[in-house]
Amino acid sequence: MTTSPDLSIEELPDLTDPVLIVAWEGWNDAGESASTAAQYLIQQLGAKPFATIDPEEFYDFTEARPMARYRNGERYIAWPDTEFVHLQAPAGGRDVVVGVGIEPHYRWKRYITALSELVDEIGAKLILSLGAVAAGTPHTQPVHVRGSANNSALAERYNMHPSRFEGPSGIVGVFHDHCRRREIGGVSLWASVPHYLPGITNPVGAQALLRVVSDMTGLRFDL
């Protein structure tokens with residue numbers, strides 16, 4: 001049973017050594033590459049949400065508006081909540097939970113508390129975040145994905161380095177710092193996409209992130 005008033009778990013799936021993959025639209029998501037990659041995972045593998053973080057306390061709904069939808073003959077409102085879905089593990093592999101939402105506008109500490117409770121409920125020992133940055137990368141070159149790890153063991157395993165970035169942080173950095181303090185392993189993946197294509201979804205950046213996700217988790221999907 002959850003204690004956070006913002007986290008709702010419909011039914012906890014039976015999980016084997018799960019890794020949590022998270023992505024947020026917004027500041028951490030140049031070219032929408034990270035959120036597109038996460039949504040593609042969910043759609044390709046036919047996963048359904050089992051948990052959500054309620055958006056009420058975290059968003060300005062004039063900026064992240066609820067969307068009117070029409071399905072099966074009925075109209076409904078889809079709120080900008082953070083959804084979590086379970087992807088079945090490949091044979092002998094670990095399960096994957098994917099969380100996707102919008103970077104919160106308000107109350108980040110409270111949001112992280114709800115997210116941290118989800119981590120505890122599913123028993124995740126590895127967090128894998130997806131992000132994208134606008135860079136001086138031409139569209140004629142392959143998209144580079146760099147990664148950083150929040151502890152030395154993960155850095156050695158995946159041939160990465162701890163992040164030494166200093167400056168303004170998005171929700172990705174805040175979440176990884178929280179995980180580090182709780183001794184939960186975290187890897188942050190960032191795709192570098194062309195800065196001169198603002199406001200355009202970049203599927204090539206999403207594809208580059210998904211290739212790394214596949215290598216790290218063993219998930220297989222059509223790219």
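Filter region 212-223 down to the residues that are part of a helix (DSSP H, G or I) and without any contact (Cβ under 8 Å) to a residue 24 or more places away in the chain, then identify the one that is surrounded by the fewest Cβ atoms within 10 Å (Cβ to Cβ).
Asp215
Enumerate the strands (runs of 3 or more DSSP E) found wholly within region 70-111, keeping only those where 2 or more residues are polar (S, T, N, Q) and modelled with pLDDT of 90 or more.
Once the strands (runs of 3 or more DSSP E) in region 70-111 are filtered for at least 2 residues that are polar (S, T, N, Q) and modelled with pLDDT of 90 or more, nothing remains.
Restricting attention to region 181-190, does a residue exist that is farther than 20 Å from Tyr40 by Cβ, exposed (fewer than 13 other Cβ atoms within 10 Å of the Cβ), touching a residue at least 40 places away in the same chain (Cβ under 8 Å) and among the basic types (Lys, Arg)?
Yes: one or more hits.
May I ask you to say which residue of Ser129, Ser169 is closer than 23 Å to Gly26 by Cβ, more than 15 Å from the chain's Cα centre (by Cα) and at pLDDT 85 or above? Quick ask: steps written out before the conclusion?
Numbers: Ser129 fails: more than 15 Å from the chain's Cα centre (by Cα).
Selected residue: Ser169, the only one of Ser129, Ser169 that is closer than 23 Å to Gly26 by Cβ, more than 15 Å from the chain's Cα centre (by Cα) and at pLDDT 85 or above.
Scan region 1-39 for residues that are in contact with a helix residue (DSSP H, G or I) (Cβ under 9 Å, 6 or more places away or on another chain) and of a type in the set (Gly, Ala, Ser) and jot them down.
Passing the criteria: Ser4, Ala23, Gly26, Ala30, Gly31, Ser33, Ala34, Ser35, Ala37, Ala38.
Could you please let me know if Leu197 is touching a residue at least 40 places away in the same chain (Cβ under 8 Å), surrounded by 13 or more Cβ atoms within 10 Å (Cβ to Cβ) and part of a loop (DSSP other than H, G, I, E, B)? Working first, answer last.
Working: touching a residue at least 40 places away in the same chain (Cβ under 8 Å): yes; surrounded by 13 or more Cβ atoms within 10 Å (Cβ to Cβ): yes; part of a loop (DSSP other than H, G, I, E, B): yes.
Spelling it out, Leu197 is indeed touching a residue at least 40 places away in the same chain (Cβ under 8 Å), surrounded by 13 or more Cβ atoms within 10 Å (Cβ to Cβ) and part of a loop (DSSP other than H, G, I, E, B).
Do you know which residues across region 2-30 are on the phi > 0 side of the Ramachandran plot and exposed (fewer than 15 other Cβ atoms within 10 Å of the Cβ)? Write out each step before concluding.
Filtering region 2-30 for residues on the phi > 0 side of the Ramachandran plot gives 17, 26.
Hit for region 2-30 is Asp17, nothing else.
Considering only residues that are more than 26 Å from Leu197 (Cα to Cα), aliphatic (A, V, I, L, M) and not in a helix (DSSP H, G or I), which ones fall in region 136-184? Before you say what the answer is, go through the steps one by one.
Taking region 136-184 and keeping what is more than 26 Å from Leu197 (Cα to Cα), we get 149-164, 174-184.
Filter again for aliphatic (A, V, I, L, M), leaving 149, 153-155, 160, 174, 184.
Passing the criteria: Ala149, Met160, Ile184.
Condition (residue is surrounded by 14 or more Cβ atoms within 10 Å (Cβ to Cβ) and hydroxyl-bearing (Ser, Thr, Tyr)) applied to region 140-158: is it met by at least one residue? Steps first, please.
Taking region 140-158 first, the residues surrounded by 14 or more Cβ atoms within 10 Å (Cβ to Cβ) are 143, 145-151, 154-155, 158.
So of that shortlist, the ones also hydroxyl-bearing (Ser, Thr, Tyr) come out as 148, 158.
Yes: one or more hits.
The values are calculated or read from the model by the stated rules, or taken from the named source; none is laboratory data. What you see is a predicted model, and the numbers here were worked out from it, not measured in a lab. Virtual Cβ from ideal backbone geometry, glycine too; neighbours counted across all protein chains shown.
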